[in-house]
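The values are calculated or read from the model by the stated rules, or taken from the named source; none is laboratory data. Note that the coordinates shown come from a computational prediction; the quantities given were computed from them, not determined experimentally. Virtual Cβ from ideal backbone geometry, glycine too; neighbours counted across all protein chains shown.
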Amino acid sequence: MTLQFTRTTSAATFLPRKAADSIPFSSAKLPEVLGRLSIDPNSNKAQAMKKTLQECEEPAIDGETKMCATSLESMMEFSTSSLGTRNVRALSTTVEKESTPKQEYTIGSVQKVAGPTLVACHAESYAYAVFLCHTTDARAYKVSMVGKDGTKVEAVAACHADAAALSPKAFEVLKVKPGTVPVCHFLPQNDLVWGPNK
């Protein structure tokens, strides 16, 4: 397969929970947040933060629960609560090199690692680490592959049996109708999938 693995955020790190909880996290309080964090309201960073807050405030789709985690603790609590167990593990795509070109990869092995219910956490653009986490009916696989240039990748693939909730544009690109076939995709680096630790 011809692929390019990317990182979804800059090197933003989580704040300690107490610090994260002390900073408002809402569109209505964005001017206050920008002032507290010394961010120019007209900057690209401020616009990205505004977009993240809007995404976090959108209602969940039918059958899904979601939340934006502003600390590692809140991410873990949402994941364990959603999965109904404290015995969970997080999976993410790892790439041997810092940056890689779009290239052909040869798949060495595929191993199912979680599912049928997962929590997916997607890195968002913000002044500190924020992840949009949601429940999803999918199976996760670990895919070992090697790029044409020798780069080793342990990719996480999520496969949705009912992909009706995906963006309509995804179905146009894939040339399939919603609900007709399972849809699989690789997670970018920095995104996480949580599943029961079996």
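Quick notes on this one:
- Members of the range 1-56 found to be over 24 Å from MET76 (Cβ atoms), within 20 Å of the chain's Cα centre (by Cα) and assigned to a loop (DSSP other than H, G, I, E, B), listed by number: GLN4, PHE5, THR6
- Any chance ILE61 is under 16 Å from THR136 (Cα atoms), part of a loop (DSSP other than H, G, I, E, B) and either modelled with pLDDT of 90 or more or of a type in the set (A, V, I, L, M, F, W, C) (or both): yes
- Considering the range 149-198, the residues that are small (Gly, Ala, Ser) and modelled with pLDDT of 70 or more include one that is surrounded by the fewest Cβ atoms within 10 Å (Cβ to Cβ), namely GLY150.
- Residue satisfying condition, being at pLDDT 90 or above and not in a helix (DSSP H, G or I), within set SER81, SER109: SER109
- Here VAL95 clears all of (1) over 15 Å from the mean Cα position of the chain (by Cα); (2) surrounded by fewer than 17 Cβ atoms within 10 Å (Cβ to Cβ); (3) over 17 Å from GLU64 (Cβ atoms); (4) not small (Gly, Ala, Ser) except the condition numbered (2).
- Residue satisfying condition, being touching a helix residue (DSSP H, G or I) at 6+ places or on another chain (Cβ under 7 Å) and hydrophobic (A, V, I, L, M, F, W, C), within set VAL130, VAL95: VAL130
- Condition met for GLY35 (more than 30 Å from ALA138 (Cα to Cα) and out of contact with any Gly (no Cβ under 9 Å at 6 or more places or on another chain)): yes
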